[in-house]
1. State the percent of C-alpha pairs, over all pairs in the chain, separated by a distance greater than 30 angstrom.
2. Say R0 is 30 Å: what FRET efficiency, to the nearest 0.05, do Ser164 and Asp268 get from their beta-carbon distance?
3. Please compute the per residue accessible area over segment 15-148 with all protein chains in place, 1.4 Å probe, rounded to a whole number of Å².
4. Applying 1/(1 + (r/R0)^6) with R0 = 45 Å to the Cβ-Cβ distance of Leu174 and Lys245, what FRET efficiency is obtained, to the nearest 0.05?
5. Counting only heavy atoms of the protein chains, get the accessible area per residue of segment 156-273 (1.4 Å probe) and round it to a whole Å² value.
6. Compute the length gained on full extension between Met37 and Thr252: take 0.36 nm times their separation in residues and subtract their Cα-Cα distance, giving the result in nm to one decimal.
7. Tell me the carbon and sulfur percent of the accessible area for the chain, rounded to whole percent, probe radius 1.4 Å.
8. Can you tell which of Gln55, Gln271, Gln133 shows the greatest fluctuation in a Gaussian network model of the chain with Cα springs below 10 Å?
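The values are calculated or read from the model by the stated rules, or taken from the named source; none is laboratory data. This one's a predicted model, so the numbers in the text were calculated from it and none came from an experiment. No Cβ is skipped: glycine too gets one built from the backbone with ideal geometry, and neighbour counts run over all protein chains shown. With ligands, DNA and RNA removed, areas are computed over all heavy atoms of the protein, side chains included. Shrake-Rupley method; radii C 1.70, N 1.55, O 1.52, S 1.80 Å.
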Amino acid sequence: MLELLQISDLQKMYGIEYPVQMDGLVILDSKSVDLKMFLEQKYQYRGLIFVFCNQGTLRMKINHKEHTALQGATLIILPEMNVEPVEWSDDFMAEIFIMSYDFIEKYTILSEFINNSEVLNSLLIYPVDQDKQVIGELVDLIKKYYQEAKNLLLEQMIQYLVYSLITAVAMSYLSLSKKENLQKTRINDVTDSFLELVNKHGHIERNVSFYAEQLHLTAQHLSILIKKRTGKSVKSWIGFIVINKAKEYLMTTSLSVKQISDKLEFTDSSQFCRYFKRYIGQTPNEYRKR
């Protein structure tokens, strides 16, 4: 039976604790952990997984199709794919990057990457030497900072390095590496500007019309463009920023729930609590105690 894989399950399985633990990203390196516990699972994961094969052989079924990864291969497991182990050699060594959707959702071509027909049909790739070198350098750099004590700026830096890693992997696909596909389009420009605005104002500006006016678009047009480009609605992006800011206050300050509610310009603390619980499934106080 397939299990729904969770980042928290992996952290418990491998005893990953702060400063290594980082919400949304788990790195399993065969040099430091036994990959067997992970490889022998049957699972479905809602995020993105990269398996960088450094030595030996791995055979795995993904959506009921068998793939055999040899040294130098990169195996890509897209969101919600069914994964079943077959076998792996005794000398198999790899680095496995497990990324939650929330962790990578701001990556501007994420939707294009995970829905691209070439990627879907070629989950196993062997990058050319130049791309392989870039991927290796990025993997080493991410691993280096992943091991350090985390603060908000370091987590953001790791997040952008992960975006670069996804881009480096994407370069192995002709349909994604073509110059015209990498150039900024009008939709990309609007998306970038919107994300900049929502990151700056989202914790207090929760109306779509505010962002539409700033970008000289109608609210409906903005909503269509953002949904098409990112796969998420404007309201979802705003909610993401509000909740992240609320989490930051809850984790790093001693402000009361009412004070946080005031800072986020909710009508009252009960409205803030309902809003928070709708997204997180916990009240602000429950989240803080956790």
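1. 38 percent
2. E between Ser164 and Asp268, to the nearest 0.05, is 0.10.
3. Per residue, segment 15-148 has 47 Å² of solvent-accessible surface.
4. So the FRET efficiency works out to roughly 0.65.
5. 52 Å²
6. Length gained, Met37 through Thr252: 74.0 nm.
7. Looking at the chain in its full context, I get 49 percent from C and S.
8. Gln271
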